[in-house]
Amino acid sequence: MSHASTSVQDRPTPAPPAPGNSLSSRTLPRLAPLGFAAVSIALGVGIGAAAGWHSRVQWGLIAALLFLTISYVATSVVENQRQAKDRLATSLVWVCFLIAVVPLASLLWTTVSRGSERLDLYFLTHSMAGVLGSEASGGVYHALIGTLEQVGIATVISAPLGLLTAVYLVEYGKGPLAKAVTFFVDVMTGIPSIVAGLFILSIMLIAGLEPSGLMGALALTILMIPVVVRSTEEMLKLVPNELREASLALGIPKWRTILKVVLPTAIGGIATGVMLAIARIAGETAPIILLVFGSQLINPNPFEGAQSSLPFYIYEQYKIGETASYDRAWAAALVLIAFVMILNLVARGIARWKAPKTGR
């Protein structure tokens, strides 16, 4: 017994962990990043004001650099180098996020603040017929009708074509034909809008056609199809192959498997992709200038006569150069943003409604 106790007592005591290398070492409070941000903002404003810089962008960049530096140094002193590198990476992600969001938030705030001054029921229900550019009256009704019709026609044409093309590429496409289709879809994705407008304009000149909303919709269709194809293709690739194999194992034909299993599973992403394509074409101006020609009157017939649209209306009012026209341009921009946001909300509702049920 004495020998055993002696051997236990003679064992060397393990050395304590080195400070800064143990997972149980000191840690900063959870709200420390907020404190670092507050200190960085105060120092950035102070340094910018002391240096005589009047640009708030410069103040913000100084504050961002100080935030990264303070976060790394404080974490290194209190915790360890490993945690400092982790906090530096996290802080860098937050700084990049804010740098990307600030211009968008500023643009949205400016559009809402400037556009809401002129936006009312009268503005939405009247056209510019007989209204001079310097007058404060007039509205956007004719342009709103034109945008709805042109975007609607382009969507009716593009959505089925893009969906069927994506289904072919994912489910059936093999060999040189599929590679050629993929190549041309990639090329069409980068086509400038003015090129699409010139292509339809050349057809109009050859066939002797007049400007109309349909011509503008055809140019928008060229811009919309590759976006729908690419987004739908990616969504279909995300559908697990096990679902296809289970359906085919039950003896269900492939076309019915695609219709009843694959498409309902990916309907949410497909709807979102279509909305992104609509958001892109809704703000195009160059094809509308070439093909629709613009009009101050209400023309509900997209197949005959000149029409207007919201992007063309904004360009037209800004070109006038009067205070009243600037107000109408900002109000029309706000209407265009609201139009895209409403479509996005509708698409999300449809996607949620049509999404496959996950309950037991």
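The values are calculated or read from the model by the stated rules, or taken from the named source; none is laboratory data. Every value quoted in this text rests on a predicted model; they were computed, and no experiment measured them. All Cβ positions, even for glycine, are placed from backbone atoms using ideal geometry, and neighbour counts span all protein chains on display.
Some points to look at:
- Screening Ala277 with (1) of a type in the set (Gly, Ala, Ser); (2) surrounded by fewer than 21 Cβ atoms within 10 Å (Cβ to Cβ); (3) within 21 Å of the chain's Cα centre (by Cα) gives one miss only, at (2).
- With respect to being among the basic types (Lys, Arg), in a helix (DSSP H, G or I), closer than 16 Å to Phe36 by Cα and modelled with pLDDT of 85 or more, Arg82 falls outside the description.
- Every listed requirement among (1) under 25 Å from the mean Cα position of the chain (by Cα); (2) surrounded by fewer than 15 Cβ atoms within 10 Å (Cβ to Cβ); (3) in contact (Cβ under 8 Å) with a residue 12 or more places away in the chain is met by Gln81 save one, (1).
- Candidates in segment 262-309 are the residues that are of a type in the set (Ser, Thr, Tyr) and in a helix (DSSP H, G or I); of these, the one that is nearest to Ile200 (Cα to Cα) is Thr272.
- Residues of segment 169-203 satisfying the condition of being hydroxyl-bearing (Ser, Thr, Tyr) and surrounded by 15 or more Cβ atoms within 10 Å (Cβ to Cβ): Thr182, Ser193
- Residue match in segment 104-113 (condition: closer than 21 Å to Leu28 by Cβ and touching a Leu at 6+ places or on another chain (Cβ under 7 Å)): no
- Boolean, Val340 is in a helix (DSSP H, G or I), more than 20 Å from His142 (Cβ to Cβ) and in contact (Cβ under 8 Å) with a residue 12 or more places away in the chain: no
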